[in-house]
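These notes are about the structure you will find just below.
The values are calculated or read from the model by the stated rules, or taken from the named source; none is laboratory data. Worth saying up front: this structure is predicted, and the values here are computed from it rather than measured. Cβ sites come from the backbone with ideal geometry, for glycine too, and all protein chains shown count toward neighbours. SASA here: full protein model, heavy atoms, side chains in, ligands and nucleic acids out. Shrake-Rupley method; radii C 1.70, N 1.55, O 1.52, S 1.80 Å.
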Amino acid sequence: MRNKQHITKEIVQLSAIKAAYNYFLASERSMFEVENTTQVQQNLKVVNQSLKALYAEYKMVIGCRLTVDSNVQQPSIINQQLNHSAIIHFNADRRFTITE
């Protein structure tokens, strides 16, 4: 079983690739480059399948860790992990930016 940090790193990388593919597909250039657009659409399907598999593996790693670490404070652990996955989704989404 892989480490949780490696899985999250792969998720972030694939999310960046997915955002780039979506950016290209939304551009005007994709209307004229039909061969590239078809290839990008196929690659996007592969990336989406890989992301689903990684999210399932991530949930499995978290689930195994929860069953191994049977503490009384499990609800707080679950909340921290939910917050962590929400942060991953927020950081992967290019529509949102953090401004201070």
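Close Cβ contacts (under 8 Å, 6 or more residues apart or on different chains) running from residues in the range 1-12 that are more than 11 Å from TYR58 (Cβ to Cβ) and in a helix (DSSP H, G or I) to residues that are open to solvent by less than 70 Å² (accessible area, probe 1.4 Å) and of a type in the set (A, V, I, L, M, F, W, C) comprise VAL12/ILE88; VAL12/ALA92. For the range 24-32, state whether one or more residues are polar (S, T, N, Q) and not in a helix (DSSP H, G or I). Yes, some residue in the range 24-32 is polar (S, T, N, Q) and not in a helix (DSSP H, G or I).
Which count do you get for residues in the range 33-80 that are assigned to a loop (DSSP other than H, G, I, E, B) and modelled with pLDDT of 60 or more?
Going residue by residue through the range 33-80, those that are assigned to a loop (DSSP other than H, G, I, E, B) are 33, 69-73.
Now drop any that are not modelled with pLDDT of 60 or more, which leaves 33.
Selection size over the range 33-80: 1.
Residues in the range 11-69 that are of a type in the set (D, E, K, R) and surrounded by fewer than 16 Cβ atoms within 10 Å (Cβ to Cβ): GLU28, ARG29, GLU33, GLU35, LYS45, LYS52, LYS59, ARG65, ASP69.
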